[in-house]
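Encoded as structure tokens, the structure appears first; notes follow it.
Just so you know, all these numbers are worked out from the coordinates, no wet-lab data involved. Just so you know, these numbers come straight off a predicted model, no measurement behind them. Cβ placement follows ideal geometry from the backbone for every residue including glycine, while neighbour counts extend to all protein chains displayed.
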Amino acid sequence: MTSLVPEALGRLSELMAGVPPESTQRAVGYPSLFLLVALGALVPVVPTGAVVSSATVVALHQTAPLALVQVFAVAAAAAFAGDMTLYWLGQRGVRSRNGSRWLEQLRGHAAPDRLEQAQARLAENGTTVLVLSRLIPAGRIPVMLACLLARMPLAAFARGNLPACLAWAVTYQLIGILGGSLFAQPWQGVAVAVGLTVLISAGPALWRRLRRGRGRGRPDSPGSTA
């Protein structure tokens, strides 16, 4: 079963070989990239980092000299548009007496301890904390919620969020360039790029769970029995 995936991707690459890659990327790739990244900003379940890295691998194997720049511009613009839309919807929930489902969604994706850390960092560093929030796995939503609860104006959030989206797009493009430069076939580079982004995203959370499990298993830890 595992050999079917590379084989299918290889056949897809052969079928695409007869189509001009530049025109295909412009007609289908860039709009799809924008929609997926913007949707991932609104609904934090879409792996937007993997999407950008995969698009970078495809652009790296094209002949268009500006393909990588175009992927960067589309990804950064989509992330910024998605973040601003979500923040605007969250502001409506903060101002409303009954809240909103978007505000509740943000609360559901922000653990209480992460929210407290984000609020403390926001109080100390201001909007500069937004730049790091997009580079730290699972850091974007707690910081955005902290900004909402602090009633930060939309314009101030935009000033901090713009460099955050630019730095985020550059980071995941570099991952895609690394994966794409290692292999001759695009699908191989895509597989490596996706694996790296998943590892970066899931690694810290997995490490925290392992540390909690080791802490509970110690004889001197609270709640343990002799």
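Observations
- Simple Cβ-charge dipole of segment 44-144, Lys/Arg +1 and Asp/Glu -1, about Cα centre, in debye nearest 20: 300 debye
- Protection proxy ranking, peptides 175-182, 125-132, average beta carbon neighbours within 10 Å, highest first: 175-182, 125-132
- Using the Cβ-Cβ distance between W88 and D113 with R0 set to 22 Å, the FRET efficiency works out to roughly 0.25.
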